[in-house]
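Novice: Before we start, here is the structure in question, set down as structure tokens.
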Amino acid sequence: MTIAGPAPKMSRMPENTAYFTSLGGVGEVGASAHLIEIDGLTLLLDCGLHPKKDGKSSLPDFSLLRKPPDAVIISHAHHDHCAALPYLLKMFPTTVPYATVPSVRILDRMLHNSVSVMEKIHLERGIEDYPLYDHRDVEFAVRRLYGIPMGQEFALLPDSPVRVSFSQAGHVLGSASVLVKGTDHTVFYTSDVCAVDQELMPAFVVPDEATKVDTLIIESTYGANEEADRVVYEDEIARFAEGINRVIDREGVVLVPSFALGRTQEVLNILALLQDTGKIPYVRIYASGLGRAIYEIYDRFRHELRPNSDLVPLDEFESIGDVWDPVEARKLIKDPCIIVATAGMLIENTPSAMIAQHLVRDPRHGIFFVGYCDPDTLGYKLRQAQKGDPFIFQTGGEAVTIQLEDIQWYHFSAHAHRQELIQIVDTIQSKNLIYVHGDPPALDWMHRHSGNGRNKFLPRIGESIAL
Ligand SMILES: [Zn+2]
Ligand SMILES: [Zn+2]
């Protein structure tokens with residue numbers, strides 16, 4: 001196993017050697033940002049914020065940058081891959097940012113939303129650093145962004161020998177894997193991948209050119225998840241339908257906490273299909289604000305979705321209204337219905353948490369998780385809670401006594417299972433193999449079970465690897 005210590009003081013000669021240095025998102029699922037030095041140029045792959053940290057400590061370690069990066073590439077618009085971009089461009093306005101065409105649109109929505117969330121946290125929890133950037137910084141970043149169509153090769157800078165192209169990562173709309181070709185070195189960065197078709201997204205593809213590269217950087221999210229290997233998508237859908245019927249039969253409401261980008265759009269379409277095929281009754285389906293805004297972008301780029309997918313018009317789903325108002329929230333859950341609301345892990349002060357605190361008082365209702373819940377989140381804690389337990393949804397708020405028992409978890413992940421990750425490693429021949437984006441047990445499992453005979457790395461933040 002290659003775990004090196006602090007970054008060695010290595011010289012940057014000869015010029016034709018490539019280097020990898022991570023600023024974040026290694027050894028954990030954190031603020032993804034990986035610096036590639038190639039042909040004398042510096043390129044940052046992703047620029048996210050740490051999902052579990054606050055203020056400046058959530059940023060990638062930008063102090064490791066010796067000079068402004070020449071370019072930054074955003075693989076997709078999830079917070080942990082993109083949310084530090086406005087901050088980076090505020091520091092280095094000359095750095096050229098790239099993303100896929102749909103991602104540019106989504107970034108516009110997600111980053112403005114990040115400002116609003118940071119402003120709110122600043123007021124409520126007094127975190128001095130927040131907001132890390134304002135709406136004007138977001139506008140600057142979005143204006144600077146070059147939207148590049150999937151599959152189109154582009155020069156990193158005018159006249160530069162470094163060529164880059166995006167390919168389908170299958171994770172969410174606009175999500176790309178990135179192929180970087182220098183004079184003597186090629187790098188393929190999978191970013192977050194889904195190996196199979198989802199309801200809307202087509203599966204990850206390995207472009208022909210990427211089957212043999214010098215360096216493969218692969219995500220490892222599900223490396224420690226044995227359970228996911230056994231999940232059959234169709235069975236999971238059937239179990240989901242069964243659960244919904246059970247709740248609706250007892251006149252309850254189903255809450256499906258979902259990520260705004262990706263999971264919300266997928267789940268809404270699964271639900272509509274289940275209704276249209278008579279598998280669940282025609283009760284109202286509600287969707288929350290940011291998820292709806294992203295849905296509009298899915299609609300606009302429906303040609304980038306899976307060819308056989310049939311995106312349901314957004315107006316078939318109702319708006320949830322202002323669930324911060326207890327009167328509105330109680331009105332919403334008066335009759336049997338299904339509510340798809342952000343955030344997926346029931347983060348405090350989000351629509352899903354606001355609705356959940358009303359639902360848990362009544363055993364007729366159900367809360368169905370459809371993605372990963374971090375142990376530090378409300379979602380995880382609620383799943384562990386028992387009937388009769390007191391539960392606090394809001395810092396400083398009153399405890400609610402849990403009456404609801406029907407809390408389920410369904411595996412609809414947009415990440416490749418570990419057996420699929422091994423297949424990807426086998427398909428993409430490489431001299432070097434770098435594991436990123438996973439908790440330590442996941443990274444360790446991937447390191448032990450894939451890529452025999454290659455130079456394998458589990459880098460630390462700040463460790464430079466000569467490729
Ligand atoms: Zn992602
Ligand atoms: Zn991620």
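The values are calculated or read from the model by the stated rules, or taken from the named source; none is laboratory data. This structure is a prediction, so every number in the text was calculated from the model and none was measured. Methodologically, a virtual Cβ is constructed for each residue, glycine included, from the backbone with ideal geometry; neighbour enumeration extends over all protein chains shown.
Residue-wise test of (1) assigned by TED's automatic domain parsing to the domain that holds Glu153; (2) crowded, with 17+ Cβ neighbours inside 10 Å.
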{"residue": "Val178", "(1), (2)": "yes, yes"}
{"residue": "Thr190", "(1), (2)": "yes, yes"}
{"residue": "Val193", "(1), (2)": "yes, yes"}
{"residue": "Asp197", "(1), (2)": "yes, no"}
{"residue": "Pro202", "(1), (2)": "yes, yes"}
{"residue": "Glu209", "(1), (2)": "yes, no"}
{"residue": "Ile217", "(1), (2)": "yes, yes"}
{"residue": "Arg239", "(1), (2)": "no, no"}
{"residue": "Glu251", "(1), (2)": "no, no"}
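Novice: Something else now. Looking only at strands (runs of 3 or more DSSP E) that fall completely inside the range 391-467, which ones have 2 or more residues that are in contact (Cβ under 8 Å) with a residue 12 or more places away in the chain and more than 30 Å from Leu346 (Cα to Cα)? If you could, list the steps in order and put the result at the bottom.
Specialist: Values: elements: 399-401, 406-409, 429-436, 455-457, 464-466.
Filter on the range 391-467 gives 429-436, 455-457, 464-466.
Novice: Answer yes or no: is there a residue in the range 421-438 that is of a type outside the set (Ser, Thr, Tyr) and either under 30 Å from Val360 (Cβ atoms) or not assigned by TED's automatic domain parsing to the domain that holds Arg125 (or both).
Specialist: No - not one qualifying residue is present in the range 421-438.
Novice: May I ask you to list the residues in the range 259-315 that are over 21 Å from the mean Cα position of the chain (by Cα) and not in a loop (DSSP other than H, G, I, E, B)?
Specialist: Leu271, Ala272, Leu273, Leu274, Gln275, Asp276, Arg284, Ile285, Tyr286, His303, Leu314, Asp315
Novice: Do you know which of the residues in the range 372-399 that are surrounded by 10 or more Cβ atoms within 10 Å (Cβ to Cβ) and among the β-branched types (Val, Ile, Thr) is farthest from the chain's Cα centre (by Cα)?
Specialist: Ile392
Novice: If you don't mind, there's one more thing I want to ask. Any idea which residue in the range 318-371 is farthest from Thr401 (Cα to Cα), counting only those that are among the basic types (Lys, Arg) and part of a loop (DSSP other than H, G, I, E, B)?
Specialist: Ranking the candidates gives Lys334 first.
Novice: So Glu234 clears everything in (1) more than 16 Å from ligand 1 (Cβ to nearest atom); (2) closer than 22 Å to Glu318 by Cα; (3) modelled with pLDDT under 95 except one condition, right? Which one?
Specialist: (2)
Novice: Looking at (1) surrounded by 22 or more Cβ atoms within 10 Å (Cβ to Cβ); (2) closer than 21 Å to Ser191 by Cα; (3) hydrophobic (A, V, I, L, M, F, W, C), which is the only condition Leu89 fails?
Specialist: (2)
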